[in-house]
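The values are calculated or read from the model by the stated rules, or taken from the named source; none is laboratory data. Here the structure is a predicted model, which is why all the values come from computation and not from measurement. Here Cβ is always computed from backbone atoms with ideal geometry, including for glycine, and neighbour counts include all displayed protein chains. Heavy atoms of the whole protein, side chains included, go into the accessibility calculation; ligands, DNA and RNA do not. Shrake-Rupley method; radii C 1.70, N 1.55, O 1.52, S 1.80 Å.
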Amino acid sequence: MEVNDAYKVYEEIVKDNIEYEHLIKTENLDRDRIDKILDLILETACSPRKKIRVAGDDYPAELVKNKFMKLDSEHIRFAFDCMSENTIEIRNIKQHLKAALFNAPSIIDSYYTALVNYDMYRAAHSAGKNLI
């Protein structure tokens, strides 16, 4: 019974952190996928293991759990973006998604900055070609 109660507490915290109610109402996000991400976060946060494997490396469980408990709605959107832009075959979608979520807080700013820079570069070069 205590394990179930702890899971429900974690679920409420994560739902609040990721703004679950807002995410499921967002038209361009699939509720089923959001629920699967929520399940993965909770599964990881509630894991009894001492080490958790992410992207082929074993990390202390507390490090992974702390990162997952700090995820917010922007990190979830980032994970969706990573999945939708992927062009290679993914053999283990769960591990791929876990890696995207684990790395999201560390790389989200750089990722979106690179996208903006790329768009600006393309726009500048496209505008230059139209002038010739």
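Every condition in (1) farther than 21 Å from I24 by Cα; (2) under 14 Å from the mean Cα position of the chain (by Cα); (3) open to solvent by less than 60 Å² (accessible area, probe 1.4 Å) is met by I107 except one, and the failing one is (3). The set of residues in the range 93-104 that are open to solvent by less than 80 Å² (accessible area, probe 1.4 Å) and of a type outside the set (D, E, K, R) comprises Q95, H96, L97, A99, A100, L101, F102, N103, A104.
Scanning the range 1-29 for residues that are farther than 16 Å from F102 by Cα and open to solvent by less than 70 Å² (accessible area, probe 1.4 Å) yields A6, E11, K15, Y20, L23, I24, T26, L29. A residue that is open to solvent by 90 Å² or more (accessible area, probe 1.4 Å) and outside any helix (DSSP H, G or I) can be found somewhere in the range 74-88. Scanning the range 47-71 for residues that are within 15 Å of K36 (Cα to Cα) and outside any helix (DSSP H, G or I) gives a single hit, L71.
Taking each residue of the range 2-24 that is without any contact (Cβ under 8 Å) to a residue 24 or more places away in the chain and looking for partners that are open to solvent by 90 Å² or more (accessible area, probe 1.4 Å) with beta-carbon atoms closer than 9 Å, six or more apart or interchain, yields K15/E21; I24/R31.
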